[in-house]
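Below is one structure; the comments refer to it alone.
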Amino acid sequence: MTVWHVATTGSDRADGSVDAPFRTINRAAVAAMAGDTVTVHEGVYREWVNPMRGGTADAPITYQAAQGADGHFESVTISGAEVVTDWRPHPGGEGRVWVAQVPNALFGERNPYAERIGGDWFFDRVNSWHTGEVYLDGTSMYEALTLGGVERPEVTKDSFDPEGSLLVWYCEVNDEVTTIWANFGGVDPAQHQIEINARTFVFWPQATGIDHITVRGFTLTKAATQWAPPTALQEGLIGPHWAKGWVIEDNLITDSKNVGISLGKEASTGQNEAAAAPKGAKGGTQREREVIQRALVLGGPDAGEPHPWTRDHVGSHTVRRNTIRDCEQAGIVGHLGAAFSTVADNHIFRIHVKRQWHGAEVAGIKLHAALDTVISGNTIHHTHRALWLDWQAQGTLVRRNVLYASTAEDFMVEVCHGPYLVDSNLFLSPWAVKDMSTGGAYVHNFFAGRIANCTEHQRYTPYHMPHSTAVYGVSNILGGDNRFYNNIFVGDGASDPAAEPVLASFWSGAVDMDGVPGQATFVPTPVGTSQYDGYPTVQEYPDEDGSDLAGPRLPVWVEGNLYAEGAEPFRAEPTARVVERSPVRAWVVDAAAGTVRVEVRDAASLPVVAPVTTARLGTSYQAELAYTNPDGSDLDFSADAVGAPRGEVVPGPFAATAPTTRVLAAPGPVGWR
């Protein structure tokens, strides 16, 4: 097993040793074999790392930033951008607008200033946004659609940074050069670093089936990625591109035009057929069902195709301890390729904050077919939607995450049949959950926002054989089949004027949620489980009227929850505890850093409730599966959200013996200075 070295002082004609390092990471990728390590030393590397081969489960190929004697990573940046220095004043720009011409040869086969964003479920069909970007001292600027928009910029509506949205650029492309005009807000670009997107990817194999790669300790930044719906090639700044067993850990991942990390599908099973189809052709839902079937029967390399979608060939990735920010579609995305994976202890924020365009794939984490996938310990904030599980959340565990400052909601689960588990999370946005699925178990969570629920009788989505990609059946969403055990719900009618509020709720009236059919309209009810008052209990269920062609509504199980400050229980909850003042409060201390303060104000008032077990949760209705760990073993709820023993079981994420005050800091890379 060889260690190959790369340094900015090296040469690609060297031997790659510590004394004679390569100059580029790609040169090391050509040399690296299973079990080898590529160690990259301090500096900025402007290249698309395209691994030539993968490793094995026992002998992965590792790419990592060099570590000093103190164990910390050296500062190593891999960038998809290039620096542009030849800026000239634009006549009539009043000293604020500058222009540069860049040879098209810089961009290779895909010029980001000619390539326009689009695809299935991309909503902006009128404007022509590009995958390119301009950066002023590392911060991305806003694209203008006309030169006049650069000369006379206007604030972008709904941007998280209205003042920053006045820093704009515009481009035109001919056969030889790309011309870019930019308004730098009055600064001289000669005194600042100006970069532009030059590459689609930063760390991404061009071929599929490059398995068992580890990427560790880098800053990975500035990629001209395309919109990534579930029915197209899902491009990411970094990703395995339809492979197995990648580990992406301890990295800072920033400024992808669309997606930071993609664990998603390849192109041959579908490439935006719905967007390209004439009016009246098959819709996107049918196209997505076709994508799944195609993926299951791919012929593999022997047939000149990618591997089929099976556990043996695709998924089982680990994404942990990364900081992911400033991506305009999603921090992490994946359809099919995220199955059997673990996404843990990441800090994801500033996702979709520029708001120049929108689509149905926007979230901190957006996964389709997250079969037996564990999503745990992540802090996700300042996004449109924090976590979105769409189709086939089966065997999925959502555990111990902290979610807040979502402009839509913290968690959406769409047309899934379960079983999926949501336990020991903090939901701190005004909307906590949008539930248009069945088969969910919500256990020991803290809810400061509302739950919205609806059925979906028009879309039929798959469920699977146990711990497998094989399709067992398809069904629409009848609604119900949910469990709510031992949660805390805190409304916005705070009874303690001295207490800092969790977050004020601002919703009123019916709300039509983006990204779902127009008939899926949600009417808010107070924080709590009263949203489910229209569903039967298990005792009432056999007598439900089954004359509806869609079938009867499924029952719900609601027990052991605590409701405070205006939160309301399900109409038939037998053990609901309703109090005026919440014994537990949570609020954001440092919004940008992702720090949340939890205060247990009155542990004595927390009722002792029955513990939750795999046996108590039963089985989901459609897949007829128990709520278990991905390996099929029973769930264990004996530890609280921070790993402390629960002892006597009380509602909420924290043990009754927890310290009076806890500060929950956002996770992130280890080994960094």
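Screening ASP188 with (1) over 30 Å from PRO60 (Cα atoms); (2) charged (D, E, K, R); (3) buried (at least 24 other Cβ atoms within 10 Å of the Cβ) gives one miss only, at (3). Of everything in segment 286-305 that is free of Cβ contacts under 8 Å to residues at least 24 places away in the same chain and assigned to a loop (DSSP other than H, G, I, E, B), the residue that is surrounded by the fewest Cβ atoms within 10 Å (Cβ to Cβ) is GLY304. Contact map, segment 268-282: first residue closer than 24 Å to THR208 by Cα and modelled with pLDDT of 90 or more, second residue buried (at least 17 other Cβ atoms within 10 Å of the Cβ) and of a type in the set (Asp, Glu), Cβ cut-off under 6 Å, separation 6 or more or different chains; pairs are ASN272/ASP120. Consider segment 595-628 and keep the residues that are touching a helix residue (DSSP H, G or I) at 6+ places or on another chain (Cβ under 9 Å) and buried (at least 19 other Cβ atoms within 10 Å of the Cβ). The one that is farthest from VAL579 (Cα to Cα) is THR628. Of all the residues in segment 108-128, those that are in contact with a strand residue (DSSP E or B) (Cβ under 6 Å, 6 or more places away or on another chain), of a type in the set (A, V, I, L, M, F, W, C) and crowded, with 16+ Cβ neighbours inside 10 Å number 3. Just to be sure, is GLY138 closer than 18 Å to ILE194 by Cα and surrounded by fewer than 17 Cβ atoms within 10 Å (Cβ to Cβ)? In short, yes.
Among the residues of segment 422-469, the ones that are over 19 Å from THR619 (Cα atoms) and part of a strand (DSSP E or B) come to 17 in all.
Filtering segment 400-438 to residues that are out of contact with any Ser or Thr (no Cβ under 6 Å at 6 or more places or on another chain) and free of Cβ contacts under 8 Å to residues at least 40 places away in the same chain leaves ASN401, LEU403, THR407, PHE411, VAL422, PHE427, VAL433. The residues of segment 193-250 that are within 19 Å of LEU298 (Cβ to Cβ), surrounded by 24 or more Cβ atoms within 10 Å (Cβ to Cβ) and touching a helix residue (DSSP H, G or I) at 6+ places or on another chain (Cβ under 7 Å), listed by number, are PRO230, THR231. Assess whether ASN183 counts as being more than 30 Å from ALA65 (Cα to Cα) and in contact (Cβ under 8 Å) with a residue 40 or more places away in the chain. When the stated conditions are applied, ASN183 passes them.
Determine if segment 267-287 includes at least one residue that is in contact with a His (Cβ under 8 Å, 6 or more places away or on another chain) and among the charged types (D, E, K, R). No, there is no match, as no residue in segment 267-287 is in contact with a His (Cβ under 8 Å, 6 or more places away or on another chain) and among the charged types (D, E, K, R). Put simply, of THR269, THR310 the only residue that is of a type in the set (S, T, N, Q), touching a helix residue (DSSP H, G or I) at 6+ places or on another chain (Cβ under 6 Å) and within 16 Å of THR469 (Cβ to Cβ) is THR269. For segment 561-579, the condition of being surrounded by 16 or more Cβ atoms within 10 Å (Cβ to Cβ), within 27 Å of the chain's Cα centre (by Cα), of a type outside the set (Val, Ile, Thr) and within 26 Å of TYR420 (Cα to Cα) holds for none of the residues. On the basis of being surrounded by fewer than 18 Cβ atoms within 10 Å (Cβ to Cβ), of a type in the set (Asp, Glu) and in contact (Cβ under 8 Å) with a residue 40 or more places away in the chain, does GLU82 make the cut? Yes, satisfied. Scanning segment 614-633 for residues that are under 29 Å from ALA586 (Cβ atoms) and out of contact with any Asp or Glu (no Cβ under 7 Å at 6 or more places or on another chain) yields ARG616, LEU617, TYR627, ASN629. Here VAL247 does not fit the description of being at pLDDT 95 or above and in contact with an Asp or Glu (Cβ under 9 Å, 6 or more places away or on another chain). Cβ-Cβ distances below 9 Å connect the following pairs, each with a first residue in segment 563-580 that is polar (S, T, N, Q), a second residue that is part of a loop (DSSP other than H, G, I, E, B), and a separation of six or more residues or different chains: THR575/GLY560; THR575/ASN561; THR575/PRO607; THR575/VAL609; THR575/ALA610. Within segment 629-646, the set of residues being under 25 Å from the mean Cα position of the chain (by Cα), surrounded by 13 or more Cβ atoms within 10 Å (Cβ to Cβ) and charged (D, E, K, R) comprises ASP640 only.
Can you pull out every residue in segment 253-285 that is in a helix (DSSP H, G or I) and loosely packed, with under 15 Cβ neighbours inside 10 Å? Steps first, answer last, please.
Initially, segment 253-285 is screened for residues in a helix (DSSP H, G or I), giving 273-276, 284-285.
ALA276, the sole residue that qualifies.
Just one of the listed residues (TRP672, TRP587) is surrounded by fewer than 18 Cβ atoms within 10 Å (Cβ to Cβ), assigned by TED's automatic domain parsing to the domain that holds MET465 and touching a residue at least 12 places away in the same chain (Cβ under 8 Å), namely TRP587.
Are any of the residues in segment 144-152 over 20 Å from HIS90 (Cβ atoms) and in a loop (DSSP other than H, G, I, E, B)? Before the answer, list the steps.
Looking only at segment 144-152, we keep the residues that are over 20 Å from HIS90 (Cβ atoms), and these are none.
Looking for residues that are over 20 Å from HIS90 (Cβ atoms) and in a loop (DSSP other than H, G, I, E, B), one finds none in segment 144-152, hence no.
For segment 497-512, the criterion of being in a strand (DSSP E or B), surrounded by fewer than 24 Cβ atoms within 10 Å (Cβ to Cβ) and either in contact with a Phe, Trp or Tyr (Cβ under 6 Å, 6 or more places away or on another chain) or modelled with pLDDT under 95 (or both) is met by at least one residue.
Taking segment 338-376 on its own, how many of its residues are over 24 Å from ASP161 (Cα atoms) and in contact with an Asp or Glu (Cβ under 8 Å, 6 or more places away or on another chain)? Talk me through it step by step, then tell me what you get.
Residues of segment 338-376 over 24 Å from ASP161 (Cα atoms): 338-345, 367-376.
Now restrict to residues that are in contact with an Asp or Glu (Cβ under 8 Å, 6 or more places away or on another chain): 339-340, 367-368, 376.
Counting residues in segment 338-376 that are over 24 Å from ASP161 (Cα atoms) and in contact with an Asp or Glu (Cβ under 8 Å, 6 or more places away or on another chain) gives 5.
What number goes with the only condition from (1) modelled with pLDDT under 95; (2) among the charged types (D, E, K, R); (3) under 30 Å from GLY668 (Cα atoms); (4) crowded, with 17+ Cβ neighbours inside 10 Å that ASP161 does not pass? That leaves (4) as the condition not met.
Any residue at all in segment 124-132 that is in contact with a Gly (Cβ under 7 Å, 6 or more places away or on another chain), under 24 Å from ALA232 (Cβ atoms) and aromatic (Phe, Trp, Tyr)?
Among the residues of segment 124-132, not one is in contact with a Gly (Cβ under 7 Å, 6 or more places away or on another chain), under 24 Å from ALA232 (Cβ atoms) and aromatic (Phe, Trp, Tyr), which makes the answer no.
Name the residues in segment 28-54 that are under 15 Å from ILE210 (Cβ atoms) and β-branched (Val, Ile, Thr), would you? VAL30, VAL38, VAL49, listed by residue number.
One line per residue, one yes/no per condition, for (1) among the hydrophobic types (A, V, I, L, M, F, W, C); (2) within 20 Å of ALA360 (Cβ to Cβ):
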residue: TRP227; (1), (2): yes, yes
residue: LEU233; (1), (2): yes, yes
residue: HIS241; (1), (2): no, no
residue: GLU249; (1), (2): no, no
residue: SER262; (1), (2): no, yes
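Among what's in segment 79-117 and is among the aromatic types (Phe, Trp, Tyr) and in a loop (DSSP other than H, G, I, E, B), pick the residue that is farthest from VAL49 (Cα to Cα). Only one residue fits best here, namely TRP87.
The values are calculated or read from the model by the stated rules, or taken from the named source; none is laboratory data. Fair warning: this is a prediction, and the values are worked out from it, not measured in the lab. All Cβ positions, even for glycine, are placed from backbone atoms using ideal geometry, and neighbour counts span all protein chains on display.
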